Amino acid sequence: MCKDCGCSLAGEGHSHHHAHDHGHDQLMTNPQLNDKKTLSVIHKILDKNDIEAAHNREHFEAHGVMAFNLMSSPGSGKTTLLEHLAEYTSKQYCVIEGDLETSRDADRLKAKGISAIQIQTGSACHLDAFMVHGALHQQPLDTMDICFVENVGNLVCPASYDVGTHKNVVLVSVPEGEDKIEKYPVMFRKADVVFITKCDLLPYFDFNPDVAKAAVLKLNPNAQVFNVSVKDADSMKAVADWFETELAGFANTASNTEESA
């Protein structure tokens, strides 16, 4: 795991009781993570990140762009969803891609005519607000309605770092299994919407989408849950409608703010 959040210092179980909480109640077995000085450093890192995230949001809002943080484990279909979304919406969107190495995902999106910037994080297991800030200045935001931040594939760290987006989108795919929701609760508690992807594979896997939805709503009653397959036009239209509804609410809020200013 990454050094900045402290994961690289931890043993098998840890809970450092700040924004990067992994849900354990016991103290860390690694004494470095029980040390007040270490925790103070971690807090300072997160505080600086939150300030930069607020700056990113202001930047998006100044351009009238709504930003969504896409999070999931590797291979859940984030890039595939973005590749196909353009077929179901007239809204213009760009993408900030995060991976440890390669530009493959950004290249896939560019091949579809989607403006994409690749961030290679090296050893970091998530994007942070500073990385996103550098990339957003390379996007043509004046011509965009939406900016997607496709985070590093990881169900742990990305949920704890505000990158300056407005909504959190979490994907969990049928091949992963229903248990991932309860195993990684922080991610799903932070979600505004959960897309259960690759539902065309339901006949071949022991996955019950109703059970998965119930697990999400138990953790996060306010989350919306959609069954999605890029091969099912109706499900993709529902995804596009959700984004467009959120965008309309965002635009309405921005308009009211300007009128009251």
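The values are calculated or read from the model by the stated rules, or taken from the named source; none is laboratory data. Remember, it's a predicted structure, so these values are computed and weren't measured experimentally. Heads up, the Cβs are rebuilt from the backbone with ideal geometry, glycines too, and the neighbour counts pull from every protein chain shown. Surface areas here come from the heavy atoms of the whole protein model, side chains and all, with no ligands, DNA or RNA. Shrake-Rupley method; radii C 1.70, N 1.55, O 1.52, S 1.80 Å.
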Q: Look through Ser90, Ser103, Ser123 and report the one residue that is of a type in the set (Ser, Thr, Tyr) and closer than 29 Å to Lys237 by Cβ.
A: Ser90
**Q.** Contacts under 7 angstrom Cβ, first residue in the range 113-136 being modelled with pLDDT of 95 or more, partner of a type in the set (Lys, Arg) and part of a helix (DSSP H, G or I), 6 or more apart
**A.** Ala116/Lys110
Q.
Which numbered condition in (1) of a type outside the set (Lys, Arg); (2) open to solvent by less than 20 Å² (accessible area, probe 1.4 Å); (3) in contact with a strand residue (DSSP E or B) (Cβ under 9 Å, 6 or more places away or on another chain) is the only one that Ala240 fails?
A. (3)
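I'd like the residue in the range 214-234 that is in contact with a Lys or Arg (Cβ under 7 Å, 6 or more places away or on another chain) and closer than 12 Å to Ile196 by Cβ and, out of all such residues, is surrounded by the fewest Cβ atoms within 10 Å (Cβ to Cβ).
Applying the first criterion (in contact with a Lys or Arg (Cβ under 7 Å, 6 or more places away or on another chain)) to the range 214-234 yields 219-220, 225, 229.
From the residues that got through so far, the ones that are closer than 12 Å to Ile196 by Cβ too are 225, 229.
Details: Val225: 22, Ser229: 19.
Among those residues, the one meeting the criterion is Ser229.
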**Q.** Residues (surrounded by fewer than 19 Cβ atoms within 10 Å (Cβ to Cβ), touching a Gly at 6+ places or on another chain (Cβ under 9 Å) and more than 29 Å from Glu87 (Cβ to Cβ)) located in the range 102-153
**A.** Thr121, His133
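Test Pro209 against the criterion of being free of Cβ contacts under 8 Å to residues at least 60 places away in the same chain and either closer than 16 Å to Val65 by Cβ or surrounded by 15 or more Cβ atoms within 10 Å (Cβ to Cβ) (or both), and give yes or no. Lay out the reasoning, then the answer.
Working: free of Cβ contacts under 8 Å to residues at least 60 places away in the same chain: yes; either closer than 16 Å to Val65 by Cβ or surrounded by 15 or more Cβ atoms within 10 Å (Cβ to Cβ) (or both): yes.
Considered against the rule, which asks whether it is free of Cβ contacts under 8 Å to residues at least 60 places away in the same chain and either closer than 16 Å to Val65 by Cβ or surrounded by 15 or more Cβ atoms within 10 Å (Cβ to Cβ) (or both), Pro209 comes out as yes.
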**Q.** Condition met for Asn154 (in contact with a strand residue (DSSP E or B) (Cβ under 6 Å, 6 or more places away or on another chain), within 26 Å of Gly122 (Cα to Cα) and in contact (Cβ under 8 Å) with a residue 24 or more places away in the chain)
**A.** no
Q. Can you name every residue in the range 168-183 that is touching a strand residue (DSSP E or B) at 6+ places or on another chain (Cβ under 9 Å), of a type outside the set (Asp, Glu) and either touching a residue at least 60 places away in the same chain (Cβ under 8 Å) or over 15 Å from Gln224 (Cβ atoms) (or both)?
A. Asn168, Val169, Val170, Leu171, Val172, Ser173, Val174, Lys180
**Q.** Residue check, Asn168 touching an Asp or Glu at 6+ places or on another chain (Cβ under 8 Å) and open to solvent by less than 60 Å² (accessible area, probe 1.4 Å)
**A.** yes
Q: From (1) at pLDDT 95 or above; (2) out of contact with any Phe, Trp or Tyr (no Cβ under 6 Å at 6 or more places or on another chain); (3) open to solvent by 10 Å² or more (accessible area, probe 1.4 Å), pick out the condition that doesn't hold for Asp47.
A: (1)
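Quick grid of which residues meet (1) crowded, with 16+ Cβ neighbours inside 10 Å; (2) within 17 Å of the chain's Cα centre (by Cα); (3) modelled with pLDDT of 95 or more:
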residue	(1), (2), (3)
Asn34	no, no, no
Glu61	yes, no, yes
Ala67	yes, yes, yes
Glu83	yes, yes, yes
Ala86	yes, no, yes
Ser90	no, no, yes
Tyr93	yes, yes, yes
Gly98	yes, yes, yes
